[in-house]
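Quick note: the coordinates plus some simple rules give every number you see, no bench work behind them. Quick caveat: nothing in here was measured; it's all calculated off a predicted structure. Counting neighbours? That spans all protein chains shown, and the Cβs are built from the backbone with ideal geometry, glycine included.
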Amino acid sequence: EFMRAFDKVMRPMGKILTASYGKPAADEISKKARSHFEELIPEMPFIGNNNIFLNNLMGGFMFLALYEVLKERGVSMEEAGKICYAIGEAQFAGVPKFLRNLLGKMSFSKRTKDAMKNGAELSKKRLYPDDFLFDYIEGNGLDFEFGCDILKCPICESFRKRGAGSFAPYVCDWDIAISKALGTGLVRTMTLAEGRAKCDFRFSRQAKNK
């Protein structure tokens, strides 16, 4: 399941790497990143199989694997961050606009909001010690429709354990890339990756991503 997810999410990786480093190097990096991700799976915190943020956690580890492979080749953190962001953008590049719009609308459905609310309550029960901890934030009807404050993030914690804490903010930008593609208007003024007290996600169909 993890490796299938890697192949799906990182499908644009080869083309993006080829544009910067040529096909032979891109093929080598892609192969090493996939292998390294497989090596990292045992280090991935278990947060439950139905966790609302499971895909985020897996995606974080995918980019961690790619970053560590690129770092070995002398690629700067900034350049690795740009590559990861480009992969995030490319994920939805081939998806028809009407389908992206539909996915965006679904993000504001009662079902999605209820899932977020339930996830927040479940996170407070600490069934899994390394799980996310977050609050659901009701929209105020003006600036945003709903949101969440993440108070504990296993992605950031895992990055720091591997000495890659400084790269975590670049991975957080993946959220922005996806939000732009789906039109969910993510606005965020702080993140745990930056050393702040929380990640304050706010979503609005009227807002511009920040």
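Of note:
- Of all residues making up the stretch 103-156, the number that are buried (at least 17 other Cβ atoms within 10 Å of the Cβ), out of contact with any helix residue (DSSP H, G or I) (no Cβ under 8 Å at 6 or more places or on another chain) and small (Gly, Ala, Ser): 4
Yes/no matrix, rows are residues, columns are (1) in contact with a Cys (Cβ under 8 Å, 6 or more places away or on another chain); (2) buried (at least 19 other Cβ atoms within 10 Å of the Cβ); (3) under 19 Å from Ala168 (Cβ atoms); (4) hydroxyl-bearing (Ser, Thr, Tyr):
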{"position": "Met3", "(1), (2), (3), (4)": "no, no, no, no"}
{"position": "Ala26", "(1), (2), (3), (4)": "no, no, no, no"}
{"position": "Glu39", "(1), (2), (3), (4)": "no, no, no, no"}
{"position": "Gly48", "(1), (2), (3), (4)": "no, no, no, no"}
{"position": "Phe61", "(1), (2), (3), (4)": "no, yes, yes, no"}
{"position": "Tyr67", "(1), (2), (3), (4)": "yes, yes, yes, yes"}
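- Inter-residue pairs, beta-carbon under 6 Å, first closer than 22 Å to Ala164 by Cα and in the stretch 181-194, second of a type in the set (S, T, N, Q) and surrounded by 20 or more Cβ atoms within 10 Å (Cβ to Cβ), 6+ apart: none
- Answer residue from the stretch 80-102, given it is surrounded by 15 or more Cβ atoms within 10 Å (Cβ to Cβ) and among the small types (Gly, Ala, Ser) and is farthest from Thr184 (Cα to Cα) among those: Ala80
- Some residue of the stretch 197-204 being in contact with a Ser or Thr (Cβ under 9 Å, 6 or more places away or on another chain) and among the aliphatic types (A, V, I, L, M): no
- Within the stretch 88-107, not a single residue is touching a residue at least 12 places away in the same chain (Cβ under 8 Å), assigned to a loop (DSSP other than H, G, I, E, B) and closer than 21 Å to Arg160 by Cα.
- No other residue among Ser179, Ser166 is among the hydroxyl-bearing types (Ser, Thr, Tyr), under 21 Å from Leu40 (Cβ atoms) and in a helix (DSSP H, G or I) apart from Ser166.
- Within the stretch 135-172, the residues that satisfy the criterion of being among the aromatic types (Phe, Trp, Tyr) and in contact (Cβ under 8 Å) with a residue 40 or more places away in the chain are Phe144, Phe146, Phe159, Phe167, Tyr170.
- If you filter the stretch 108-117 down to residues that are touching a residue at least 40 places away in the same chain (Cβ under 8 Å) and outside any loop (DSSP other than H, G, I, E, B), you find that the one that is farthest from Ala177 (Cα to Cα) is Ala115.
- Answer residue from the stretch 8-22, given it is surrounded by 13 or more Cβ atoms within 10 Å (Cβ to Cβ) and among the charged types (D, E, K, R) and is nearest to Gly60 (Cα to Cα) among those: Arg11
- Qualifying residues in the stretch 12-59 (those that are free of Cβ contacts under 8 Å to residues at least 24 places away in the same chain and part of a loop (DSSP other than H, G, I, E, B)) - the one farthest from Pro154 (Cα to Cα): Gly22
- Of all residues in the stretch 129-151, none satisfies being touching a strand residue (DSSP E or B) at 6+ places or on another chain (Cβ under 9 Å), assigned to a helix (DSSP H, G or I) and under 20 Å from Phe46 (Cα atoms).
- Some residue of the stretch 150-160 being of a type in the set (D, E, K, R) and out of contact with any Phe, Trp or Tyr (no Cβ under 7 Å at 6 or more places or on another chain): yes
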